[in-house]
Protein chains: 2
Amino acid sequence: MPANIPDNVKDLLERPIVVAFATSNPDGQPQVTPVWASLEGGQVWINSALGRRKDRNIRANPKVTVLALDPENAFHWVEIRGEVVEFDESEAALAHINKLAGIYAGNDDYYSFNPEGKGKEQRVIYKINPTKVNGM
Amino acid sequence: MPANIPDNVKDLLERPIVVAFATSNPDGQPQVTPVWASLEGGQVWINSALGRRKDRNIRANPKVTVLALDPENAFHWVEIRGEVVEFDESEAALAHINKLAGIYAGNDDYYSFNPEGKGKEQRVIYKINPTKVNGM
């Protein structure tokens, strides 16, 4: 059973807060990078590109963790530990990164921010089922 | 040889920015929590208490990672991957948490924020030697 994300922390994944996204490198070192995220039903969706370190780490070990901190309130944060249960490389992955660009950057054409990636990378949605949620 | 923390990201560890601190749970799930941090010479110091999940994780696997994001500028962040090379449980650990409380909360008496912990917990400094630094 996926864990539930309490209503009082959902805003952290709905507002344009850059989150810390942790995967594990093959040598057991956590890799933590700033990423955009969205809450979709009970899942957290992250979007990256095929073949990157993050992508390779997740395929080797789908246990990942997201930490979202309210930049205006140190006592409001959520840690979501979970498992990537689906890799979506369909057209939906492009639609999702464009949606995130709209929310986070005010322009839903992602490749206007990343012109060198256009046509050269395969976007991927990592759909995370939460297994444990901590926060306040 | 420890990696060098470039001057252009040092402010992220000198300002009162709550950082994401990642350790690995025994099952390989990243644990990521918001913590205070300080830059001390070339090391990053984190402060927690003996016996907590974080403490136990670090003793089992000293590879840890810190991500500091500028809350005002999404293009200014640093990821520091490193290894905890010393656990300091001396009086210095209390002095350090008080120093952090002063920087982050404007009051260098940590236990004024955490009265229930006073006299009941052993503070520990985790001294991290950076091995790889990414950022902008």
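The values are calculated or read from the model by the stated rules, or taken from the named source; none is laboratory data. All values reported here derive from a predicted model rather than from experimental measurement. Note that each Cβ is placed from the backbone with ideal geometry, even for glycine, and that neighbours are counted across all protein chains shown. Note: accessible area is taken over every heavy atom of the protein model, side chains too, but ligands, DNA and RNA are not part of it. Shrake-Rupley method; radii C 1.70, N 1.55, O 1.52, S 1.80 Å.
With the cut-off at 1.5 for a/c, could you classify region A:31-136 from its C-alpha gyration tensor as rounded, prolate or oblate? The shape class here is oblate. Averaged over the residues of peptide B:60-67, the number of Cβ atoms from other protein chains lying within 10 Å of each residue's Cβ is 4. The listed peptides A:90-100, A:125-135, ordered by packing as a protection proxy, come out as A:125-135, A:90-100 (highest mean of other Cβ atoms within 10 Å first). Which lysines does residue B:63 reach when only Cα atoms under 18 Å apart count, and residues fewer than 8 places away in its own chain are ignored? Leaving aside lysines fewer than 8 places away in the same chain, those within reach of residue B:63 are A:54, A:63, B:54, B:127, B:132.
Remark: accessible area buried at the B-A interface is about 2100 Å², both chains counted, probe radius 1.4 Å.
Remark: label point of residue A:51 defined 7 Å out from Cα along the Cα-Cβ vector; separations to the same position in other copies 5.1 nm, ascending. Placing a label point 7 Å from Cα along the Cα-to-Cβ direction at residue B:116 gives distances to the equivalent points in the other copies of 5.0 nm, listed shortest first. Apolar share of the accessible surface for the protein assembly as shown: 51 percent from carbon plus sulfur atoms, 1.4 Å probe. Averaged over the residues of B:125-134, the number of partner chain Cβ atoms lying within 10 Å of the residue Cβ comes to 1. Shielding by partners for peptide A:32-40, expressed as the average number of C-beta atoms from other protein chains within 10 Å of each residue's C-beta, is 4. Comparing Cα centroids, region B:3-80 and region A:1-36 end up 15 angstrom apart.
With a ≥ b ≥ c the root eigenvalues of the C-alpha gyration tensor of region A:1-55, is it rounded (a/c under 1.5), prolate (a/b larger than b/c) or oblate? Here region A:1-55 falls in the prolate category. Accessible surface computed residue by residue for region A:56-136, with neighbouring protein chains in place and a 1.4 Å probe, gives 49 Å² per residue. Name the shape class, rounded, prolate or oblate, that the alpha-carbon gyration tensor gives for the protein assembly as shown, where a ≥ b ≥ c are the square roots of its eigenvalues, rounded holds for a/c under 1.5, and otherwise prolate holds if a/b is larger than b/c and oblate otherwise. Prolate is the answer for the protein assembly as shown, as a/c is 1.5 or above and a/b outweighs b/c.
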